[in-house]
Amino acid sequence: MATQPPMRILVDADACPVKDEIYKVALRHKVPVTIVSNSPFRIPRHDLVRRVVVDDGFDAADNWIAEQVDAASVVVTADILLAERCLKAGASVLGNNGKPFTMNSIGSAIATRAIMADLRAGGDIVGGPPAFSKADRSRFLSTLDETLVRLARRAG
């Protein structure tokens, strides 16, 4: 019987507004967290939290994360294309707003992203995503907790 890799959280961290929430939930569940970014910033001093600073090349953080993920990984990102890569590798993927990306939802998210890019390229003025709210933060905490509980049940 093959052993299950250890559960862990990988964070696309440069623009992540929920890092403190990730630390809170991860430490409660005793799950390691890797913060991946293009530039260093402060992280908690804890054995379960580590920082990986990649070069500033295009998609360097995304590429590093995508190369590390497996079925025991939870990835936190707002990047739809990274989410797709991680889902294909079997990871659980959460948006910063707490909404999970799934194989059923990723196609429409990619299509919407492409449409918006085309509109912007054509000179249309289109709004961005809604402002990050307290409800988003609360949803994120709940969804991350539920995801870690589900993965722990599956592993053991």
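The table for this structure:
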| quantity | calculated |
| --- | --- |
| Any hit, region 98-108, residues being farther than 21 Å from ARG150 by Cα and either at pLDDT 90 or above or not polar (S, T, N, Q) (or both) | yes |
| Pairs with Cβ under 7 Å, 6+ apart, first in region 73-89 and within 13 Å of THR102 (Cβ to Cβ), second surrounded by fewer than 18 Cβ atoms within 10 Å (Cβ to Cβ) and among the hydrophobic types (A, V, I, L, M, F, W, C) | ILE80/ALA109; ILE80/ILE110; GLU84/ILE110; LEU87/MET103 |
| Residue within region 9-26 that is in a helix (DSSP H, G or I) and in contact with an Asp or Glu (Cβ under 6 Å, 6 or more places away or on another chain) present | yes |
| Which numbered condition ASP20 misses (of (1) surrounded by 13 or more Cβ atoms within 10 Å (Cβ to Cβ); (2) closer than 21 Å to ARG137 by Cα; (3) over 10 Å from the mean Cα position of the chain (by Cα)) | (1) |
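Condition check ((1) loosely packed, with under 11 Cβ neighbours inside 10 Å; (2) at pLDDT below 90; (3) in contact with a Cys (Cβ under 6 Å, 6 or more places away or on another chain); (4) more than 15 Å from VAL18 (Cβ to Cβ)) across all residues:
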{"site": "ALA91", "(1), (2), (3), (4)": "no, no, no, yes"}
{"site": "LEU94", "(1), (2), (3), (4)": "no, no, no, no"}
{"site": "THR112", "(1), (2), (3), (4)": "no, yes, no, yes"}
{"site": "MET116", "(1), (2), (3), (4)": "no, yes, no, yes"}
{"site": "ILE125", "(1), (2), (3), (4)": "yes, yes, no, yes"}
{"site": "PRO130", "(1), (2), (3), (4)": "yes, yes, no, yes"}
{"site": "ARG137", "(1), (2), (3), (4)": "no, no, no, no"}
{"site": "PHE140", "(1), (2), (3), (4)": "no, no, no, no"}
{"site": "ARG153", "(1), (2), (3), (4)": "yes, no, no, yes"}
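The values are calculated or read from the model by the stated rules, or taken from the named source; none is laboratory data. Fair warning: this is a prediction, and the values are worked out from it, not measured in the lab. Cβ atoms come from the backbone with ideal geometry, glycine included; neighbour counts cover every protein chain shown.
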